[in-house]
Amino acid sequence: MLGPHLLGVEGLTPDDITTVLDTAAGFRDVALRPIKKVPTLRGRTVCNLFYEDSTRTRLSFELAAKRLSADTLTFSAGGSSVSKGESLKDTALTLQAMGVDAIVIRHSASGAAHQLTRWVGAHVLNAGDGGHQHPTQALLDLFTIRDHLGRIEGLRVAVVGDVVHSRVARSLVQGLVTMGAQVDVVAPPTLLPPAVGAWGVSVGHDVDAVLPKSDVLYLLRVQRERMGQQFVPSVREYARLWGVDRDRLAHLPAGAIVLHPGPLNRGVELTADVADAPSSLVTEQVTNGIAVRMACLYLLVGGGADR
Ligand code: NCD
């Protein structure tokens with residue numbers, strides 16, 4: 001049973017994940033209607049609390065809440081009392097006093113979403129906490145994979161790139177392993193987390209070795225903003241050794257798909273022509289993200305999840 005919060009993929013069962021994906025499949029049709037709204041969360045209030053930059057995730061959660069007819073508030077740390085030194089706790093207590101039903105939080109500190117659950121009665125949805133978790137991204141990726149390939153179990157998925165800084169990789173790999181996929185994590189040695197040995201995946205450094213056997217190629221953004229020191233000799237060298245161009249793309253089996261969470265560094269982890277190739281589902285991931293977030297909000301806030 002899902003809820004009351006969605007803090008990570010950790011702890012979700014295959015049934016929980018399947019429930020989210022099936023519910024999202026139902027909500028996807030709402031986007032195809034002339035009036036893109038259902039009354040499910042009418043009278044409920046959802047607050048987006050964003051302490052870190054975001055385009056896709058913030059807009060997607062906002063649209064998901066609006067399509068469910070919830071009232072939405074969006075809080076960005078810039079332009080708020082955070083610049084006057086207000087703590088996360090005091091901001092949380094303010095939202096609590098305003099009676100919000102759900103808080104979607106993105107924060108640069110790992111554990112921020114979990115911490116929030118100790119201070120508020122609202123449902124908390126983690127939209128990315130530091131290098132820790134980003135569960136709705138993983139769920140929308142799983143949705144996109146299942147939608148295209150008909151299943152997740154038994155697929156071979158290569159997750160390539162800046163794994164050490166990636167909350168997306170942590171969440172996605174947990175989801176894939178939970179659903180029975182076989183995962184190859186591929187990265188330069190400096191961009192692998194020390195604990196990757198415990199992830200239940202195979203680990204390598206050679207992208208060319210995994211391409212011919214991958215049903216899904218998942219490319220991660222090189223997170224230059226999180227790199228305090230030099231992790232790769234140069235961006236050009238990274239692109240040459242781990243970046244995917246047309247030649248590399250041609251080594252994927254027929255029918256394989258390419259995913260990326262965005263934002264893209266065109267010319268680094270993938271070339272522009274790969275980003276725009278028919279097998280690249282980057283924009284479809286964005287579309288599916290709205291339905292998946294509607295499902296998560298519905299299941300937690302509207303579906304009677306235990307508090
Ligand atoms: C990711 C994030 O912010 O963790 N992006 C996203 O949510 N779509 C991945 C990234 O920034 O590389």
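Which residue, 155, 233, 260, has the largest displacement toward the positive end of the dipole of segment 135-285 when charges sit on each Cβ (Lys, Arg +1; Asp, Glu -1)? Highest projection toward the positive end goes to 233. Once you list every other residue whose beta carbon is under 15 Å from the beta carbon of residue 71, what net charge do they have if Lys and Arg are +1 and Asp and Glu are -1? Around residue 71, the surrounding residues sum to +3. Against the main long axis of the alpha-carbon atoms of the chain, helix 88-97 sits at an angle near 40°. Counting only DSSP H runs of at least 4 residues, each contributing -39500 (n - 2.57), and dividing by the residue count of the chain, the helix-based mean residue ellipticity at 222 nm comes to -10000 deg cm²/dmol. A cut-off of 5 Å between modelled amide H atoms, ignoring neighbours fewer than 5 places along the same chain, links residue 127 with 105, 106. If you build a Gaussian network model of the chain, linking Cα atoms that sit under 10 Å apart, which residue out of 38, 258, 185 swings the most? Evaluated over the chain, the most mobile residue of the options is 38. Peptide packing: for 167-173, 30-36, the average count of neighbouring Cβ atoms within 10 Å per residue gives the ranking 167-173, 30-36, highest mean first.
In nanometres, what is the gap between the two model label sites at residue 110 and residue 224, each 7 Å from Cα along Cα-to-Cβ? Using points 7 Å along Cα→Cβ, the separation is 2.5 nm. Computed from backbone phi, the HN-Hα couplings of segment 72-78 come to 10, 10, 10, 10, 10, 4, x Hz, rounded to whole numbers (Karplus: 6.51 cos²θ - 1.76 cosθ + 1.60, θ = phi - 60°; Gly and Pro given as x).
The string of couplings for segment 112-120 from the Karplus curve (6.51, -1.76, 1.60, θ = phi - 60°) is 4, 5, 4, 4, 4, 5, 7, 10, 10 Hz, one whole number per residue in order, with x for Gly and Pro.
Rounded to the nearest 10 degrees, the inclination of helix 14-28 to the longest alpha-carbon principal axis of the chain is 80 degrees. Derived value for the chain: Kirkwood hydrodynamic radius 19.8 Å. Basis is the mean of 1/r over every pair of different alpha-carbon atoms.
Once you reduce segment 237-257 and segment 1-65 to the center of their Cα atoms, the two points are 32 Å from each other.
Using alpha carbons only, how many degrees (0 to 90, rounded to 10) separate the axis of helix 56-67 from the longest principal axis of the chain? So the helix axis and the longest Cα principal axis differ by about 40 degrees.
What shape does segment 96-222 have by the C-alpha gyration tensor, where a ≥ b ≥ c are the square roots of the eigenvalues, rounded means a/c under 1.5, and otherwise prolate means a/b greater than b/c and oblate the rest? Judged from the Cα gyration tensor, segment 96-222 comes out prolate (a/c at least 1.5, a/b above b/c). 3J(HN,Hα) couplings calculated from phi for segment 292-300 with the Karplus curve 6.51 cos²θ - 1.76 cosθ + 1.60 (θ = phi - 60°) are, in sequence order, 5, 6, 4, 4, 5, 4, 4, 5, 7 Hz; Gly and Pro show x.
Among 267-275, 101-109, 293-301, sorting by the average number of other beta carbon atoms lying within 10 angstrom of each residue, highest first, gives 293-301, 101-109, 267-275.
In the full protein context, segment 135-285 carries 40 Å² of accessible surface per residue, based on a 1.4 Å probe and ignoring ligands, DNA and RNA.
Set the Förster distance to 30 Å, then compute FRET efficiency between residue 18 and residue 202 from the Cβ-Cβ distance, nearest 0.05.
Working: r = 25 Å, r/R0 = 0.84.
Here the calculated transfer efficiency is 0.75.
Taking the protein heavy atoms of the chain in the context of the full set of protein chains, the accessible area attributed to carbon and sulfur is 51 percent at 1.4 Å.
To the nearest 20 debye, what is the magnitude of the charge dipole of the chain about its Cα centre, counting +1 on the Cβ of each Lys and Arg and -1 on the Cβ of each Asp and Glu?
The calculation lands at about 680 debye.
Shape analysis of segment 135-285 based on the Cα gyration tensor places the equivalent ellipsoid semi-axes at 21, 18, 14 Å, largest first. Mean projected area of the Cα convex hull of segment 215-262, taken over all directions, amounts to 4.0 nm².
The values are calculated or read from the model by the stated rules, or taken from the named source; none is laboratory data. In this text the structure is predicted, and so the values were computed from the model without any measurement. No Cβ is skipped: glycine too gets one built from the backbone with ideal geometry, and neighbour counts run over all protein chains shown. Accessible surface areas use protein heavy atoms only, side chains included; no ligands, DNA or RNA. Shrake-Rupley method; radii C 1.70, N 1.55, O 1.52, S 1.80 Å.
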